[in-house]
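Structure record follows, encoded as structure tokens.
The values are calculated or read from the model by the stated rules, or taken from the named source; none is laboratory data. Every value quoted in this text rests on a predicted model; they were computed, and no experiment measured them. Using ideal geometry, Cβ is built from the backbone for each residue, glycine included, and neighbour counts are taken over all protein chains shown.
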Amino acid sequence: MMVPFDIIVAVDTQKGIGRTGNLPWHIVGDLKHFKQVTTRTQSADAVNMVVMGRKTWDSLPEKFKPLPGRINCVISRNPGLVLPETVLKAAGLDEALLLAGQPTGKKIERVFVMGGAQIYQIALRHPLCRKIYWTQIHHDFGCDTFIDVNFAGFDKIAESPLQHEEGIHFAFIEYQSLPCNNS
Ligand SMILES: NC(=O)c1ccc[n+]([C@@H]2O[C@H](COP(=O)([O-])OP(=O)(O)OC[C@H]3O[C@@H](n4cnc5c(N)ncnc54)[C@H](OP(=O)(O)O)[C@@H]3O)[C@@H](O)[C@H]2O)c1
């Protein structure tokens with residue numbers, strides 16, 4: 001059975017998320033937030049899954065591949081894609097959500113879709129999308145990759161006070177999918 005999932009993304013003032021295949025910013029506070037949100041579980045016996053497109057996988061620094069303390073799942077159309085043994089491969093988001101629902105060694109508590117633009121595009125329109133963890137960065141980084149989001153199907157449910165780091169201001173926002181957001 002496919003399981004529900006949340007999205008996590010950091011976005012600049014132009015809805016930019018990436019530039020030349022990478023993150024155009026290095027915001028330690030946001031990296032910590034990402035790690036905390038995607039890693040923490042209520043049950044000590046459980047683990048979370050992070051789902052990403054192949055290009056986002058390629059963009060991760062070698063020392064963080066796979067992202068520790070989480071089951072990593074990479075979406076690719078390439079059946080020959082070679083990944084480390086512990087990393088799951090899925091031919092699409094639905095397959096990743098099915099894998100997350102299958103009993104494995106450890107129970108998967110939550111699933112986070114962590115990009116990039118192609119995978120967000122599918123995830124934002126998916127009926128099993130529950131929540132968006134959105135870091136709003138108040139700066140234009142001249143991105144070449146953007147998130148295409150329409151908040152009509154979502155309610156803002158939380159917003160942190162403005163954070164700042166080396167002159168960059170940002171805030172952590174949470175949106176919840178409205179019950180009818182299944183078109
Ligand atoms: N700001 C943020 O929070 C954030 C988060 C993540 C990533 N990013 C940035 O986003 C950029 C990468 O995004 P992107 O859109 O170029 O790439 P992406 O979504 O990470 O990956 C695209 C790849 O995913 C696979 N794919 C896409 N749709 C598929 C489908 N329907 N079925 C099966 N496989 C599918 C394909 O892999 P194959 O080519 O192998 O078939 C495709 O080339 C980078 O700049 C990265 O740094 C930003």
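Yes/no matrix, rows are residues, columns are (1) within 15 Å of the ligand (Cβ to nearest atom); (2) aliphatic (A, V, I, L, M); (3) surrounded by fewer than 16 Cβ atoms within 10 Å (Cβ to Cβ); (4) in contact (Cβ under 8 Å) with a residue 60 or more places away in the chain:
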{"residue": "ASN72", "(1), (2), (3), (4)": "yes, no, no, no"}
{"residue": "ARG77", "(1), (2), (3), (4)": "yes, no, yes, no"}
{"residue": "ALA96", "(1), (2), (3), (4)": "yes, yes, no, no"}
{"residue": "LEU99", "(1), (2), (3), (4)": "yes, yes, no, no"}
{"residue": "ALA123", "(1), (2), (3), (4)": "yes, yes, no, yes"}
{"residue": "ILE137", "(1), (2), (3), (4)": "yes, yes, no, yes"}
{"residue": "PHE151", "(1), (2), (3), (4)": "no, no, yes, no"}
{"residue": "LYS156", "(1), (2), (3), (4)": "no, no, yes, no"}
{"residue": "SER177", "(1), (2), (3), (4)": "no, no, no, no"}
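Exactly one of these conditions fails for PHE64: (1) away from the ligand (no atom under 12 Å from the Cβ); (2) within 13 Å of MET52 (Cβ to Cβ); (3) surrounded by 14 or more Cβ atoms within 10 Å (Cβ to Cβ). Give me its number. Here PHE64 clears every test but (3).
Restricting attention to the stretch 147-177, the residues that are more than 17 Å from the chain's Cα centre (by Cα) and hydroxyl-bearing (Ser, Thr, Tyr) total 1.
Considering only residues that are of a type in the set (Gly, Ala, Ser) and exposed (fewer than 12 other Cβ atoms within 10 Å of the Cβ), look in the stretch 32-56 and name the one that is farthest from the ligand (Cβ to nearest atom).
Residues of the stretch 32-56 of a type in the set (Gly, Ala, Ser): 43-44, 46, 53.
With the extra rule that they be exposed (fewer than 12 other Cβ atoms within 10 Å of the Cβ), the set shrinks to 43-44.
Values: SER43: 27, ALA44: 28 Å.
Of everything passing the filter in the stretch 32-56, ALA44 is farthest from the ligand (Cβ to nearest atom).
The criterion of being within 9 Å of the ligand (Cβ to nearest atom) and either within 18 Å of PHE146 (Cα to Cα) or modelled with pLDDT under 95 (or both) holds for THR20.
If we scan the stretch 3-22, do we find a residue that is surrounded by fewer than 19 Cβ atoms within 10 Å (Cβ to Cβ), among the hydrophobic types (A, V, I, L, M, F, W, C) and without any contact (Cβ under 8 Å) to a residue 60 or more places away in the chain? Scanning the stretch 3-22, I find no residue that is surrounded by fewer than 19 Cβ atoms within 10 Å (Cβ to Cβ), among the hydrophobic types (A, V, I, L, M, F, W, C) and without any contact (Cβ under 8 Å) to a residue 60 or more places away in the chain, so the answer is no. Does THR13 meet the test of being over 14 Å from the mean Cα position of the chain (by Cα), within 21 Å of LEU99 (Cβ to Cβ) and assigned to a loop (DSSP other than H, G, I, E, B)? Against the criterion (over 14 Å from the mean Cα position of the chain (by Cα), within 21 Å of LEU99 (Cβ to Cβ) and assigned to a loop (DSSP other than H, G, I, E, B)), THR13 does not qualify.
Report whether or not ILE173 is among the aliphatic types (A, V, I, L, M), surrounded by 13 or more Cβ atoms within 10 Å (Cβ to Cβ) and within 11 Å of the ligand (Cβ to nearest atom). Give the derivation first.
Values: among the aliphatic types (A, V, I, L, M): yes; surrounded by 13 or more Cβ atoms within 10 Å (Cβ to Cβ): yes; within 11 Å of the ligand (Cβ to nearest atom): no.
Criteria not met by ILE173.
Taking the criterion of being buried (at least 19 other Cβ atoms within 10 Å of the Cβ) and out of contact with any helix residue (DSSP H, G or I) (no Cβ under 7 Å at 6 or more places or on another chain), the only residue of the stretch 103-113 that qualifies is ARG110. Only residues that are out of contact with any strand residue (DSSP E or B) (no Cβ under 9 Å at 6 or more places or on another chain) and free of Cβ contacts under 8 Å to residues at least 12 places away in the same chain were counted in the stretch 158-175, giving 2.
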